[in-house]
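This report concerns only the one structure given below.
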Amino acid sequence: MIEILTPDDVSKIKDCYIAEYIKNLLTNLLTQTSDCLLETVGGIFYVENEKDFDNYEKFGLSSKITESRFEWIDLIGNDFLDGCIVLDNDKAINIVGKADYFRKGVLNNEYGEHN
């Protein structure tokens with residue numbers, strides 16, 4: 001798992017398509033803060049395998065991640081998903097990873113191949 005806090009963190013992502021998506025997401029979220037710190041509004045996490053979902057504490061969560069925890073999950077292209085978990089009224093985290101990792105890590109079986 002890669003926690004994205006700064007533009008330098010994006011360079012750790014090997015997939016160019018997803019790196020660009022996360023860079024744009026980071027830029028957008030940073031414009032919503034008065035102090036230019038992502039932690040103010042939440043966080044972005046790039047999961048590198050389905051086992052990353054087992055480390056829910058690293059996401060700032062106190063219990064296991066299940067599909068119902070997500071406010072939304074969107075297919076963003078190249079078989080990657082972006083899911084958002086709202087932490088409180090002021091913070092949310094985006095979790096980005098391959099759709100297969102979401103399916104194996106958190107999603108119910110009825111979630112379709114390209115939903």
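The values are calculated or read from the model by the stated rules, or taken from the named source; none is laboratory data. None of the values given here were measured: they were computed from a predicted structure. Note that we place each Cβ from the backbone using ideal geometry, even for glycine, and neighbour counts take in every protein chain shown. For accessibility, only protein heavy atoms count, side chains too; no ligands or nucleic acids. Shrake-Rupley method; radii C 1.70, N 1.55, O 1.52, S 1.80 Å.
Taking the DSSP bridge list for the chain and keeping only pairs wholly inside it, about 75 percent are antiparallel. Mean sequence separation of contacting Cα pairs (under 8 Å, at least six apart), scaled by the length of region 29-115, corresponds to a relative contact order of 31 percent. Comparing Gly83, Gly105, Gly60 in a Gaussian network model of the chain where C-alpha atoms under 10 Å apart are linked, the largest mean-square fluctuation is found at Gly60. For region 42-94, a crude dipole built from +1 on the beta carbon of Lys and Arg and -1 on the beta carbon of Asp and Glu, taken about the Cα centre, is about 180 debye to the nearest 20. Here the chain is treated with +1 on each Lys and Arg Cβ and -1 on each Asp and Glu Cβ, and its dipole about the Cα centre works out to around 140 debye. Centre-to-centre, using Cα atoms only, region 55-82 and region 1-52 are separated by 14 Å. For the options Lys14, Lys104, Lys91, a Gaussian network treatment of the chain with springs between C-alpha atoms closer than 10 Å singles out Lys14 as fluctuating the most. Here the chain has 46 percent of its accessible surface on carbon and sulfur atoms, given a 1.4 Å probe and all protein chains in place.
Grab the alpha carbons of the chain, take their convex hull, and tell me the volume per residue in Å³.
On the way: hull volume 10.9 nm³, N = 115.
With only Cα atoms used, the chain gives 95 Å³ per residue.
Summed over the residues of the chain and divided among them, the accessible surface reaches 57 Å² per residue at a probe radius of 1.4 Å. Computed from Cα positions, the angle between helix 16-30 and the longest principal axis of the chain comes to roughly 50 degrees.
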